[in-house]
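Here the structure is laid out as structure tokens; the discussion comes afterwards.
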Amino acid sequence: MGEANMADETYDLKRMQRKLKKYLDADRYQHTMGVMYTAAALAMNYNCDIKKAQVAGLLHDCAKNIPNKKKLKMCQKYKIPVTDLERDNPFLLHAKLGAFLAETKYDVTDLEILDAITWHTTGTSNMSMLEKIIYIADYIEPNRYKAPNLREVRRLAFQDLNECMYRILKDTLGYLGKNPKTTDPATEEAYLFYGNIHNSK
């Protein structure tokens, strides 16, 4: 309880929103608000810290609109590790760079929130509840409409986080399979992890 109360006192969402709006285009900001509200709804459903879910949802794409060349330069400047895959596809860097900016620009010190931002694009194995909530909220928020099986995935999101992760990862890898050069190993690891949980049922 103490940690939840501390989160409530520490983070000023309205101030964060005003600051963030300067750095995102209109569509990205609308998506971000959708993720924040969806994350809060999922947090309520699963008895997760609502304020943490809101903060992570709000800031998950805070580095998204930074030009790709600048993303690479910033990672170099701030000694953020870059894989060969990320160097070839710098749009993938917005998650780890976003976690860095959440800490340095928005004063977020909670590692659980920073990790949720870091893994919201690729996923990883054995994710925390908050990490799963942000990953899923990013996929299902109300402005999304292109992803396959959205109706089913949205239903699963409020019933079983692990099963929902498996379904999203399966669909994502099916899509990325058309271009395996952009598939992060963390996504494949996440799929194997949640696939094992799915198969053990």
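For first residues located in the range 102-116 and closer than 14 Å to Met74 by Cβ, partners that are of a type outside the set (A, V, I, L, M, F, W, C) and lie 6+ apart or on another chain with Cβ distances below 8 Å form the pairs Glu103/Thr109; Lys105/Lys19. Taking the criterion of being touching a Ser or Thr at 6+ places or on another chain (Cβ under 9 Å) and among the acidic types (Asp, Glu), the only residue of the range 61-86 that qualifies is Asp61.
The criterion of at least 3 residues that are more than 24 Å from Asn162 (Cα to Cα) and of a type in the set (A, V, I, L, M) is met by the following helices (runs of 4 or more DSSP H) wholly inside the range 1-97: 13-21. For the range 103-121, the set of residues classified as in a helix (DSSP H, G or I) and among the aliphatic types (A, V, I, L, M) consists of Leu111, Ile113, Leu114, Ala116, Ile117, listed by residue number. The condition of being in contact with a helix residue (DSSP H, G or I) (Cβ under 9 Å, 6 or more places away or on another chain) and within 24 Å of Phe193 (Cα to Cα) holds for only one of Leu59, Leu85, that being Leu85. Say whether the condition of being farther than 18 Å from Ala53 by Cβ and within 12 Å of the chain's Cα centre (by Cα) is met by at least one residue in the range 134-146. The answer is no, given that none of the residues of the range 134-146 is farther than 18 Å from Ala53 by Cβ and within 12 Å of the chain's Cα centre (by Cα). For Leu92, are the conditions met, namely being within 30 Å of Asn196 (Cβ to Cβ) and of a type in the set (A, V, I, L, M)? It is true that Leu92 is within 30 Å of Asn196 (Cβ to Cβ) and of a type in the set (A, V, I, L, M). Is it the case that some residue within the range 52-66 is more than 17 Å from the chain's Cα centre (by Cα) and under 17 Å from Ile113 (Cβ atoms)? No, because not a single residue in the range 52-66 is more than 17 Å from the chain's Cα centre (by Cα) and under 17 Å from Ile113 (Cβ atoms). Each residue in the range 149-166 was checked for being farther than 24 Å from Leu85 by Cβ and either of a type in the set (A, V, I, L, M, F, W, C) or touching a residue at least 12 places away in the same chain (Cβ under 8 Å) (or both), and 12 pass. The residues listed here are Lys64, Lys70; of these, the one that is in contact with a Gly (Cβ under 8 Å, 6 or more places away or on another chain) and of a type in the set (D, E, K, R) is Lys64. Within the range 156-170, does at least one residue satisfy the condition of being surrounded by fewer than 18 Cβ atoms within 10 Å (Cβ to Cβ), at pLDDT 95 or above and closer than 16 Å to Thr38 by Cβ? Yes, the range 156-170 contains a residue that is surrounded by fewer than 18 Cβ atoms within 10 Å (Cβ to Cβ), at pLDDT 95 or above and closer than 16 Å to Thr38 by Cβ. Filtered by the rule that a residue be farther than 10 Å from Ala137 by Cα and surrounded by fewer than 20 Cβ atoms within 10 Å (Cβ to Cβ), the range 32-48 gives Met33, Met44, Asn45, Tyr46, Asn47.
The values are calculated or read from the model by the stated rules, or taken from the named source; none is laboratory data. Please read all numbers here as calculations on a predicted model, not as lab measurements. Virtual Cβ from ideal backbone geometry, glycine too; neighbours counted across all protein chains shown.
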